[in-house]
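Engineer: Pasting in a structure now, in structure tokens, and then I'll have a few things to ask.
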Amino acid sequence: MDTIISYSGGSLPCAIGIVRLSGDDAWDIFDKIFTTKNVKEPKKMLYGAALSCDNKVIDRCLAVLFTEKSYTGEKMAEIYCHGSKAVVEELLKAGQQAGARLAIAGEYTKRAFLNGKLDLTSAEAVGDLIHAESLSQAKAAINQLDGGIYNKIIRIYNGVTGLLAHFYAVCDYTDEDIEEWEYEKAVELLTLAQEEINKLHSTFDKGSIIAGGLPCAIIGRPNAGKSSLLNRILGFERAIVTDEEGTTRDTVEGTVNLGGTVLRLVDTAGIREGTSKAEVMGIERSIETAKRARLVICVIDGSNPVTTDDYRSINVAKNAETSILVINKSDRGIRMTDTFGFEKVFYISAETGDGVDELVAYLESLVDYDENETLITNARQAGLLQKAAEAFYDAEISARMGQTADAFLLDAERGLAYLGEIIGKNPTVDVVDEIFSKFCVGK
Ligand SMILES: Nc1nc2c(ncn2[C@@H]2O[C@H](COP(=O)(O)OP(=O)(O)OP(=O)(O)O)[C@@H](O)[C@H]2O)c(=O)[nH]1
Ligand SMILES: [Mg+2]
């Protein structure tokens, strides 16, 4: 492969920058832009000087060479120069003059994939890890990078590949001594494949929360203390709080990293019979926000009797996927004894902070993540898993009904292609390989 060069460090200027080279000529090009008195051997830190296009020393720094066992599966070199714009630009220029070309975004990881160092799910995990904002996101990405998803999918993929190879071998090579083909066995295997795919797919629910954060709406009647609660959880005055009803007219968002998981809180306009055009529109927006949220926090002023507006909010909350009741203003004394059928109820004071820790601990617990858990965090993978399960279901039905081989094959191959798309494998090639290696056709 041709040799690529790029700056791979943080935004400049910074203390240390990294210039990377990868490709057949990486070491030769490195020789022209880095000089050292050390013996140039791989995996050893070299101390020396980075050189400009006209062979002048522009930095004194460190570098490392890698053999084809590198990240990309090619010869590589990394120069840890000072993170100065001038130094980095000159090094990139010198590298290009010596025969490298500038890498395009993601090209190192693409090469790692093409050279079989990473499967597609692991390659995607690299991007997720780089963009992780919370500890849970990073943990889920490293699990995926280490093959968590790949290992689960490849087992199913290999199972179905073997099944199809067997089918073709029986049909096409009748003289060979091959185990008899039975549709019952195919049904068994395809049922198991669907079960495993569905199990993996079901982790997307939690995975999407880990990846994108937990969308959480705070609703309630005006003056219940919604904005006060938002500010209390965020730890700063994000929303305006006044003692006038209808202070918040639009949604106000705030993001907080709770115990390693991102919570996307949305404070909303107090729900009541609207008084002005803007307020009515704001209230409609509150109801929409509650519908889209994964969790609705319904806030009630517990120091006052319940009102019809409280019931409006309670009804909206009850229609949500998950909702909890927060009875606020406990510092004024709670008069509210009813819990309106909510399973989870918290008594707090957004003003003094009393009881808020318990509420926050509960929110954290909703997205507890154990690093050994493999989660589907990306919609592409989830979509393909679903399609694969559907295709295997169709194949299973065809096999059960003893329909023509064509119908069964078409669906099973379609399912395999979807799985292949997730991990970056080509089922046509793999089925043929399997026919030859396992069934020794042609010997
Ligand atoms: N004593 C006491 N007062 C509170 C508490 N929470 C909020 N308040 C007060 O209640 C009033 C309304 O608070 P907000 O947070 O603005 O209420 P809201 O639900 O956002 O109201 P709207 O934006 O109008 O819908 C303010 O005067 C707050 O200081 C609490 O726990 N105890
Ligand atoms: Mg408000």
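Engineer: Which of the GluC sites (Glu not before Pro) found in region 364-443 are loop residues per DSSP with 16 or fewer other Cβ atoms within 10 Å of their Cβ?
Structural biologist: Working: sites: 364, 371, 373, 390, 396, 413, 421, 434; in loops: 371, 373.
Those that pass, being in a loop and sparsely packed, are 371, 373.
Engineer: Can you tell me the 0 to 90 degree angle between the C-alpha axis of helix 427-439 and the longest principal axis of the chain, rounded to 10?
Structural biologist: 60 degrees
Engineer: Further question on the same structure: Work out, step by step, the length gained on full extension between residue 236 and residue 114: first 0.36 nm times the residue separation, then minus their alpha carbon distance; give nm to one decimal. Let's see the in-between values first.
Structural biologist: Values: separation 122, 0.36 × 122 = 43.92 nm, distance 4.76 nm.
So the extension gain works out to 39.2 nm.
Engineer: Bin all alpha-carbon pair distances of the chain at 10 Å intervals from 0 and give each bin's fraction as a whole percent.
Structural biologist: All Cα pairs, binned at 10 Å, distribute as 4, 16, 17, 16, 17, 16, 10, 3, 0 percent.
Engineer: Something else: How big is the antiparallel share of DSSP beta bridges in the chain, given as a percent to the nearest 5? Please report the intermediate quantities before stating the final value.
Structural biologist: Working: 33 of 54 bridges.
In the chain, approximately 60 percent of DSSP beta bridges are antiparallel ones.
Engineer: Of 352, 121, how do they rank once you tally other Cβ atoms within 10 Å and put the fewest first?
Structural biologist: 352, 121
Engineer: Then there's this: Given the options 197, 283, 104, which has the most mean-square fluctuation in a GNM of the chain, springs set between C-alpha atoms less than 10 angstrom apart?
Structural biologist: Evaluated over the chain, the most mobile residue of the options is 104.
Engineer: Efficiency by 1/(1 + (r/R0)^6): what FRET value for residue 8 and residue 371, r their Cβ-Cβ distance, R0 = 30 Å, to the nearest 0.05?
Structural biologist: Values: r = 26 Å, r/R0 = 0.87.
Approximately 0.70, to the nearest 0.05.
Engineer: What's the exposure ranking of 433, 25, going from fewest to most Cβ atoms within 10 Å?
Structural biologist: Working: 433 13, 25 18.
Starting with the residue having the fewest Cβ neighbours, the order is 433, 25.
Engineer: List the pairs from 152/206; 85/117; 110/438; 117/152; 226/318 whose alpha-carbon separation is above 20 Å, in the order I gave them.
Structural biologist: On the way: 152/206 18 Å; 85/117 32 Å; 110/438 31 Å; 117/152 18 Å; 226/318 17 Å.
From 152/206; 85/117; 110/438; 117/152; 226/318, over 20 Å: 85/117; 110/438.
Engineer: Further, regarding this structure: Note down the nm distance, to one decimal, between modelled labels 7 Å out along Cα→Cβ at residue 284 and at residue 404.
Structural biologist: Each label point lies 7 Å from its Cα, and together they span 5.4 nm.
Engineer: Give me the log10 of I(q) over I(0) for region 4-114 at q = 0.12 Å⁻¹, as the Debye formula computes it from C-alpha points; what are the numbers?
Structural biologist: Debye intensities relative to I(0), on a log10 scale: -0.35.
Engineer: What is the order of 40, 206, 75, 277, fewest Cβ neighbours within 10 Å to most?
Structural biologist: Working: 40 16, 206 20, 75 24, 277 8.
Taking fewest neighbouring Cβ atoms as first place, the list is 277, 40, 206, 75.
Engineer: What would the Debye equation give as log₁₀ I(q)/I(0) for region 214-365 at q = 0.09, 0.11, 0.13 Å⁻¹, counting only Cα atoms as equal point scatterers?
Structural biologist: -0.23, -0.35, -0.49
Engineer: Now for a different question. Take the chain, connect every pair of alpha-carbon atoms lying under 10 Å apart with a spring to form a Gaussian network, then pick out the residue of 296, 429, 360 with the largest mean-square fluctuation.
Structural biologist: Highest fluctuation of the listed residues: 429.
Engineer: Give a quick list of GluC sites (Glu not before Pro) in region 133-239 that DSSP marks as loop, anything other than H, G, I, E or B, with at most 13 other Cβ atoms within 10 Å. Could you put the intermediate results ahead of the total?
Structural biologist: Working: sites: 133, 176, 179, 180, 182, 184, 188, 195, 196, 237; in loops: 133, 176, 179, 180, 182, 237.
Here the GluC sites (Glu not before Pro) that fit, given the DSSP loop and packing criteria, are 133, 176, 179, 180, 182, 237.
Every number in this text was worked out from the coordinates using simple rules, so none of it is lab data. Everything numeric in this text was worked out from a predicted model, so none of it was measured. Virtual Cβ from ideal backbone geometry, glycine too; neighbours counted across all protein chains shown.
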